Each structure stands twice: as C-alpha cells, then as structure tokens.
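Take a look at the structure below.
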Amino acid sequence: MASSTREVLHFPATQSKLIDPYLPFPSKNEKPYVTLTFATSLDSNLSLAPGVQTHLSGPESKAMTHYLRSQHDAILIGVGTAVADDPSLNCRIEGAGGYGGEGLTGQPRPIVLDPRGRWEINEKTKCIALAREKKGKAPWLVMCQPCKKEVRDLLESVGGQVLVVEPVVDDKPSRIPWHKLVETLAGEGIQSIMIEGGGSVINDLLSPQYFGLVDSVIVTIAPTWLGKGGVQVCPEERIEGETRVPVARLKGVKWVPLGEDVVLCGRPIVSPT
Ligand SMILES: NC(=O)C1=CN([C@@H]2O[C@H](COP(=O)(O)OP(=O)(O)OC[C@H]3O[C@@H](n4cnc5c(N)ncnc54)[C@H](O)[C@@H]3O)[C@@H](O)[C@H]2O)C=CC1
Ligand SMILES: Nc1nc(O)c(N)c(N[C@@H]2O[C@H](COP(=O)(O)O)[C@@H](O)[C@H]2O)n1
C-alpha cells in the first residue's frame, strides 16, 4: 500500500467553520446536494498533461479536501481520472472509519463514471484494496453498457456494484445527462455528491444548463503555473446572438487562505449578459 494512503490528516475546526456554509445541510429536497471541487494552477490546469497525475494541493488544502470527503455521501470522478490517478477516493481525516473511527464512518462512496468500461481494476487498484482493508467504501461503477463479468465480480466481492444508466441518444453517444445521473444516485440513497473531476466532467458541469444542479463550487488554487498542454478548466464558450458572453460566475464568494494555497468557495450562477 502506498504511504499516502496510510497518512492521517487533520483539518482544524477554525478552518472547517469557514468552509461549512458551502457544504451539504440536512434538507427535505429530493435532489442530492452537489459540490464541484478540484485543485488548479494559476493557469487553470488540473494536471500537466492528459493522463498525468499532478499534485497541486499543499498539505493544508489537501486536508480540506479530505474534510469535504467526510461531509458527502459520495465522491464522483470520470474514468479519465480513475485511469490516470488510480485514486484512493477515501477520507483520511483522523477519526474517519479506518483512521481511528468506527466502521466506515465519514467514508464517502467512490463512484466512477465509466460509460464504456475503460477502467481495468484488480486487487491492487487502490480503492479496491482500501475497501478490502475497511479503510474506504467499495466503489460503484456507472456504465451505459453491461459490465465485463470479471469487473462486476471483483466489485461485488468488496461490496461495490455496477449501475447501468441509459445514455443520451443523439450526437453524443455514451453521455449520461447529469440530471439523470444525480437522480439515479438519489434512488440509491445518495443525498450529497462531491464531484472531483477531471477536466471533461468539470467543464461539462460549468455550463449554464447545470447551475440548478451544482450547489457549490470549491476550488483550491495553488501558486504555480503548469504551462500549455495541461488538462484545463475552461468550459465551452457561451454565445448570445453573435456575441461571446461570460459563461458563469460565483456568488456568495469566500476566499480562504490555506497554507500556500487559497481556497475559493461560491455558488455558481449564469453570468448576466
Ligand atoms: N487537480 C484536480 O483536482 C484533479 C485533476 N484531475 C486530472 O484530470 C485528468 C483527467 O481528466 P479527463 O481526461 O478530462 O477525464 P475525466 O476524469 O473528466 O473523465 C472523462 C471521461 O468520463 C466519462 N464521462 C464524463 N462525463 C460523462 C457523462 N456525462 N456521461 C457519461 N460519461 C461521462 C467519459 O468516459 C469521459 O471520457 C487527469 O490528469 C487527472 O489527474 C482529475 C480530478 C481532479
Ligand atoms: N484536491 C486535489 N488536489 C490535487 O492536487 C489533486 N491532484 C487532486 N486530485 C483528485 O484527488 C484524487 C486523488 O485522491 P487520493 O489522494 O488518491 O485519494 C484524484 O483522483 C483527483 O480526483 N485533488
């Protein structure tokens, strides 16, 4: 097991109370609370290149991300991230289940959006190994087609499952509409979802059509430039008539310095034209 999955993180209450207003709260809403969260460089890159894992968050903002994980029922990524990063997708905050706490308390459900079955898992895949060790919940795979038997068997052996969701039948085969995905997860008892990336997922969710869906955005900004060629956060342009207009902005904004990084919290709105 890599040392990073053995570490135990601390996120002080003085800092968590600054972030709490942007986190899920008990409500009678049918729709799960959706938080979009990621780390970028000053040139809005998530990573140095497609398929390359890049550590941007410093220790303090990394602890913040793990605190966010403890506050959501599920953590969702696209398969591009699963393949690039082999992520743990668990919560390593002191007191979470497997890290000093009881059972799987505070551990989010990892969910990988893999419409065509690209993710190849085995016993060494980090979130499978962590589920076996009871240091994280077993992953769920969201697909648009039946899953290979060996993948399903391995997932089910650690308590995971495969959810098959119908894609959009138009010019984008294998694209699941986000509202439908969130509704499906709500049907499985998920009331809050933290979406971590990667580029294609984030850029999709920053388009105005999803702003009723995404409740808050929490971005860690690291003081570094990664340069051209990275995986960038840059949503599709928005055109009104023949004019380009801003896509979106955040309201109710708070900037929280954490170590050398700054964490930007806000609620997305479609920019007024
Ligand atoms: N700095 C950060 O916070 C983070 C960085 N990353 C980085 O991002 C990069 C990966 O980003 P991408 O290559 O853009 O991959 P991605 O993780 O966004 O996955 C894209 C894939 O997800 C699936 N997908 C996305 N939306 C879908 C939908 N609506 N319906 C069905 N399937 C859908 C498709 O198969 C698509 O090809 C990696 O280098 C990773 O290290 C990833 C997460 C966070
Ligand atoms: N918050 C944050 N900061 C970074 O610098 C990152 N590279 C990421 N990436 C996301 O975290 C996942 C890795 O998590 P584990 O430590 O393996 O649990 C990675 O897959 C991205 O979703 N996030």
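Looking at (1) within 12 Å of ligand 1 (Cβ to nearest atom); (2) open to solvent by less than 30 Å² (accessible area, probe 1.4 Å); (3) not in a helix (DSSP H, G or I), which is the one condition that is false for residue 226?
(2)
For region 125-202, list the helices (runs of 4 or more DSSP H) that sit wholly inside it and hold at least 3 residues that are open to solvent by 40 Å² or more (accessible area, probe 1.4 Å); which are they? Break it down into steps so the answer makes sense when it comes.
On the way: elements: 126-132, 149-157, 178-187.
Passing ranges, in order: 149-157, 178-187.
I'd like the full set of residues that are closer than 16 Å to residue 75 by Cβ and either open to solvent by 20 Å² or more (accessible area, probe 1.4 Å) or touching a Cys at 6+ places or on another chain (Cβ under 8 Å) (or both), limited to region 109-118. Lay out the reasoning, then the answer.
The initial filter retains those residues of region 109-118 that are closer than 16 Å to residue 75 by Cβ, namely 109-114.
Once the filter is applied, which keeps residues that are closer than 16 Å to residue 75 by Cβ and either open to solvent by 20 Å² or more (accessible area, probe 1.4 Å) or touching a Cys at 6+ places or on another chain (Cβ under 8 Å) (or both), region 109-118 yields 109, 110, 113.
If you check residue 52 against the conditions, is it assigned to a loop (DSSP other than H, G, I, E, B) and either more than 9 Å from ligand 1 (Cβ to nearest atom) or surrounded by fewer than 17 Cβ atoms within 10 Å (Cβ to Cβ) (or both)?
Yes: the conditions hold for residue 52.
So, in region 9-49, how many residues would count as being modelled with pLDDT under 95 and exposed (fewer than 14 other Cβ atoms within 10 Å of the Cβ)?
6
If you check 16, 27, which single one turns out to be over 25 Å from residue 181 (Cβ atoms), among the polar types (S, T, N, Q), out of contact with any Pro (no Cβ under 8 Å at 6 or more places or on another chain) and away from ligand 1 (no atom under 11 Å from the Cβ)? Explain how you work it out, then say what you get.
Numbers: 27 fails: over 25 Å from residue 181 (Cβ atoms).
Exactly one residue qualifies, and that residue is 16.
Somewhere in region 72-79, is a residue in contact with a strand residue (DSSP E or B) (Cβ under 8 Å, 6 or more places away or on another chain) and open to solvent by 30 Å² or more (accessible area, probe 1.4 Å)?
Within region 72-79 (the criterion being in contact with a strand residue (DSSP E or B) (Cβ under 8 Å, 6 or more places away or on another chain) and open to solvent by 30 Å² or more (accessible area, probe 1.4 Å)), the answer is yes, since at least one residue qualifies.
Search region 91-104 for residues that are open to solvent by less than 30 Å² (accessible area, probe 1.4 Å) and pair each with any residue that is assigned to a strand (DSSP E or B) when their beta-carbon atoms are under 6 Å apart and the residues are at least 6 apart or on different chains.
What qualifies is 92/9; 93/9.
The values are calculated or read from the model by the stated rules, or taken from the named source; none is laboratory data. Quick caveat: nothing in here was measured; it's all calculated off a predicted structure. No Cβ is skipped: glycine too gets one built from the backbone with ideal geometry, and neighbour counts run over all protein chains shown. Remember, those area values only see protein heavy atoms, side chains included, never the ligands or the DNA or RNA. Shrake-Rupley method; radii C 1.70, N 1.55, O 1.52, S 1.80 Å.
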